[in-house]
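The values are calculated or read from the model by the stated rules, or taken from the named source; none is laboratory data. Everything numeric here is computed off the predicted structure, so don't read it as measured data. When we count neighbours, we look across all protein chains shown, and the Cβ atoms used for this are built from the backbone with ideal geometry, even at glycine.
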Amino acid sequence: MSLQERDKKHLWHPLTQHKLHPNHLAITKAKGAVLYDDKGNEYIDGIASWYTCMYGHSNDYIIEKIHEQMLQLDHVVFAGFTHEPAIKLSERLIKILPENQNKLFFSDNGSTSVDVAIKMALQYHFNRGEKRSKIIALEGGFHGDTFGAMSVSGLSIYNGPFEEFFIDVARIPVPTKSNFEIVKQQLSELLSTENVAAFIYEPLVQGAAAMKMYDASLLNELISIIKQHHVLAIADEVMTGFGKTGKHFASEHLTEQPDIICLAKSLTGGMVPMAITSCSQKIYEAFLSDDISKGFFHGHTYSANPIACTAALAGIELLESKEFQDNISRISASHQAFDNHIKNHPKVAETRQLGVIYALDLNIEMDRYGDLRNKLFKFFMNNGVCLRPLGNTIYILAPYVITNTQLEKVYRSIEDALEII
Ligand SMILES: *Cc1c(COP(=O)(O)O)cnc(C)c1O
């Protein structure tokens, strides 16, 4: 029996209606920017497996480092114990995070990093004797699938069974030059009538909303307004972190710094799951007390797993290297050249780019999981390119190691796709 047939027996895949989509492609190997299937076909990973493997699949340097670590220390409880991989990672990461960030809290994935951020924000106010329960989020945002993260997400159209259990959230539109006065007014009204604890946002790029981009100056102003009301700013950098926007973190494009930052996805270069919620000293100090109950009683079994910390440390070393910074500049410039070539195509409605993130909207209406979208996806796969259109948006977010020849192949397959739809 093929892997695909054996898969059907006991496995339940994420975000999948199995009755409509029973088949899953079996991948047997991945290296650099390429995925290999069980029939010997190759696919350029144009989305870095959901923006995780940014330093290239099965990166030799990360493998070497985690192998050494596996021989030394696999895991130890992080409550009451510490270890060098976590310490080294903290020293290195704090150096590159926005200046005010000073403490790291570990968890397992993007959703838990967001849940931790929300709980931190709620308890921050609680510990200071204020009851603030409302979180403000941006419409169309995506922050994950656990309860807290799902509550603040504005995208999920399949949340029906859970909505009545959500935490208290108000949503404001993503700011644009034309709606900005209205957005500011809505925000001010919320701030003056509700007990708002925090404002959560994906800085500059809403990933799951099909790489929707918005201006740093507008976000900056919103953050400065909420700060006047002692509302905490939570930057969800799960997608944007680690070089994708051309800077190490999207928050560096702003002058207003977040109080809390969520990190996951390419934190470990896709090698193992891990997430971090970082915060400023101000947040941390609100939990310091002789009263034990003011501590942050949240913890995951695999918190700061030494192997994951080692992978993250190796990833940051790569990110900071000249080789990878050059790659980021090369890919950004290449996307720009492709954009000049494609943006006036009659089937292209709009294009946008920030760093190595490139997105193109087709001027054809398409359902997020509809037939036309599926046809496009199949077309790309048959051409040896893994691109997963989100509705009528085709986006590229490839590993930094993608070669110019591979990039050309991705661009060509997008051009060819415009001819078949
Ligand atoms: C993917 C994503 C999450 C959720 O991360 P998981 O690891 O899938 O739980 C949260 N926020 C953003 C911005 C994301 O892109």
Checklist line | Evaluation of F162 against (1) under 22 Å from Y369 (Cα atoms); (2) of a type in the set (A, V, I, L, M, F, W, C); (3) away from the ligand (no atom under 16 Å from the Cβ) (one fails), failing number | finding: (3)
Note to self: Looking only at residues that are more than 10 Å from the ligand (Cβ to nearest atom) and assigned to a helix (DSSP H, G or I) in the range 92-116, which one is nearest to the chain's Cα centre (by Cα)?
What the structure shows: V116
Next item on the list: Residue by residue through the range 39-66, note down the ones that are assigned to a loop (DSSP other than H, G, I, E, B) and not β-branched (V, I, T).
Entry: K39, G40, N41, G46, C53, M54, Y55, G56, S58, N59
Next item on the list: Test E365 against the criterion of being at pLDDT below 95, among the charged types (D, E, K, R) and either more than 20 Å from the chain's Cα centre (by Cα) or not assigned by TED's automatic domain parsing to the domain that holds K247 (or both), and give yes or no.
Entry: yes
Check: Hey, any hits in the range 194-202 for a residue that's hydrophobic (A, V, I, L, M, F, W, C) and part of a loop (DSSP other than H, G, I, E, B)?
Finding: no
Margin query: Please verify whether G129 is assigned by TED's automatic domain parsing to the domain that holds E221, more than 16 Å from the ligand (Cβ to nearest atom) and at positive phi, treating the condition exactly as stated.
Written below: yes
Note to self: So H75 passes all but one of these: (1) of a type outside the set (D, E, K, R); (2) in a loop (DSSP other than H, G, I, E, B); (3) within 16 Å of the ligand (Cβ to nearest atom); (4) touching a helix residue (DSSP H, G or I) at 6+ places or on another chain (Cβ under 7 Å). Which condition number does it fail?
What the structure shows: (3)
Next item on the list: Kindly indicate the residue of the range 37-55 that is more than 16 Å from the ligand (Cβ to nearest atom) and within 24 Å of E320 (Cβ to Cβ) and also surrounded by the fewest Cβ atoms within 10 Å (Cβ to Cβ) among those meeting that condition.
Entry: D45
Checklist line | Test: S280 is over 17 Å from E64 (Cβ atoms), surrounded by 14 or more Cβ atoms within 10 Å (Cβ to Cβ) and within 18 Å of the chain's Cα centre (by Cα) | finding: no
Check: Got a sec? Which of V183, V196, V231, V238 is within 16 Å of the ligand (Cβ to nearest atom) and either aliphatic (A, V, I, L, M) or on the phi > 0 side of the Ramachandran plot (or both)?
Finding: V238
Margin query: Could you go through the range 78-91 and let me know if any residue there is within 20 Å of the chain's Cα centre (by Cα) and either charged (D, E, K, R) or over 20 Å from P273 (Cβ atoms) (or both).
Written below: no
Next item on the list: Among what's in the range 132-144 and is more than 12 Å from the ligand (Cβ to nearest atom) and surrounded by fewer than 23 Cβ atoms within 10 Å (Cβ to Cβ), pick the residue that is farthest from I283 (Cα to Cα).
Entry: E139
